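Only one structure is covered here, and it is reproduced in the block below.
The values are calculated or read from the model by the stated rules, or taken from the named source; none is laboratory data. Worth saying up front: this structure is predicted, and the values here are computed from it rather than measured. No Cβ is skipped: glycine too gets one built from the backbone with ideal geometry, and neighbour counts run over all protein chains shown. The area values use the complete protein model at the heavy-atom level, side chains included, leaving out ligands, DNA and RNA. Shrake-Rupley method; radii C 1.70, N 1.55, O 1.52, S 1.80 Å.
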Amino acid sequence: MSALSIGKAWDEAKAALQANRKLIGPVALGLVLLPAVIVSMVEPQVAPGEQPPAGLWMLVALLMVLVMLVGELAIVMLINGWRGSVGEAIGKAARRTPIFVLAALCLLVPVVVIFSLLLGLAGVGTSATGQIDWTNFNPLGWLVLFGFLLALIYVSIRLLPLLAVVACENVGPIAALKRSFALTSGHFWRLLGFLLMLMIAFLIVALTVGAVVGAGVTLALGQPQPWSLSLLLIALAGGLIQAGFVTVYTAMLARIYAQLTAPIATVPEVNREG
């Protein structure tokens with residue numbers, strides 16, 4: 001089992017971000033910030049607590065999520081010593097993105113099926129729209145839900161380096177899942193603490209900045225309407241926060257991966273043959 005220091009990973013991530021800011025900055029802005037703003041602009045505006053109706057905007061949002069994945073994979077490579085150009089890193093990230101998506105589906109599909117079966121065995125039904133009928137949730141159903149959430153948290157933490165594994169190793173989706181699970185053996189609690197601290201910090205910053213910017217923009221330009229300047233400014237503020245969080249989080253994952261695979265953690269060089 002490799003040693004893991006979150007403090008060391010933080011120091012290394014800060015140093016790498018500072019040293020490679022001219023390379024990582026454009027990637028974060030173009031492949032994280034811009035997609036986040038586009039999603040905010042195309043998503044229908046609904047009252048708080050309501051779900052936006054299904055529509056073409058969902059396909060746009062899905063495409064933007066894939067673009068963000070490309071950006072995150074590229075950032076991992078740049079943090080961990082990629083020797084090619086930024087364009088080559090983005091190209092390799094784009095080619096590796098389907099592997100990450102397939103790995104996620106290999107995990108999510110069985111999880112959804114098992115969860116649905118367990119709820120069915122617990123006697124929990126669905127409403128007319130196909131959603132879980134929360135009004136008739138029985139004690140056994142709540143027990144199943146609690147156990148499922150604990151299992152999901154455990155598996156998610158054990159697979160935390162998946163993004164870095166896909167970015168830095170030429171393996172398939174199943175092998176990437178196995179590799180991530182093996183790397184995190186014995187490090188669950190430390191990784192859980194890291195993720196909780198990062199999430200709390202992000203929520204505090206996002207809620208604070210969102211409230212201040214939202215109130216200021218609304219006061220100056222009125223309520224945000226679809227494709228309005230006020231909505232654009234709010235989307236830019238939210239996108240900047242998201243881009244900053246994603247960049248820091250991805251850099252941390254890259255350095256955590258480097259520690260867990262030390263002394264053999266490398267990013268493959270660009271194949272310039274042909």
* Asked: On the accessible surface of the stretch 139-274, probed at 1.4 Å, how many percent belong to carbon and sulfur atoms?
  -> 74 percent
* Can you tell me the FRET efficiency between TYR154 and LEU198 if r is taken as the Cβ-Cβ distance and R0 is 22 Å, rounded to the nearest 0.05? => 0.75
* To do: Please identify, among PRO53, PRO35, PRO224, the residue showing maximal mean-square fluctuation in a Gaussian network model of the chain using a 10 angstrom Cα cutoff.
  => PRO53
* To do: In a Gaussian network model over the chain where Cα atoms closer than 10 Å are linked, find which of TYR257, TYR154, TYR249 has the largest mean-square fluctuation.
  => TYR154
* Asked: Tell me, what ³J(HN,Hα) does each residue in the stretch 61-70 have, in order and in whole Hz, if you take phi through Karplus 6.51 cos²θ - 1.76 cosθ + 1.60 with θ = phi - 60° and put x for Gly and Pro?
  -> 4, 4, 4, 5, 4, 5, 4, 4, 4, 4
* Convex hull (Cα only) mean projected area of the stretch 1-87, reported in nm² to one decimal -> 8.8 nm²
* **Rounded accessible area per residue of the chain, 1.4 Å, Å²** => 55 Å²
* **For ALA254, net neighbour charge (Lys/Arg +1, Asp/Glu -1) across residues whose Cβ lies under 10 Å away** => -1
* Asked: Hey, with R₀ at 22 Å, roughly what FRET efficiency would LEU117 and ALA54 work out to, going by the Cβ-Cβ distance, to 0.05?
  -> 0.25
* Asked: Rg and Dmax of the stretch 205-261, Cα atoms, in Å?
  -> 16.0, 52
* Taking the Cβ of THR184 as the centre, find all other residues whose Cβ is under 11 Å away and add up their charges (Lys, Arg: +1; Asp, Glu: -1). => +3
* Please grab the % of Cα pairs in the chain that end up more than 36 Å from each other. => 23 percent
* Asked: Which of PHE188, PHE100, PHE137 moves the most in a Gaussian network model of the chain with Cα springs under 10 Å?
  -> PHE137
* Asked: What spacing in nm lies between the two simple spin-label points modelled at ASN138 and VAL46, each 7 Å away from Cα in the Cβ direction?
  -> 3.0 nm
* To do: Please identify the longest segment of the chain free of exposed GluC sites (Glu not before Pro), where exposed means a DSSP state other than H, G, I, E or B and no more than 12 other Cβ atoms within 10 Å.
  => 51-268
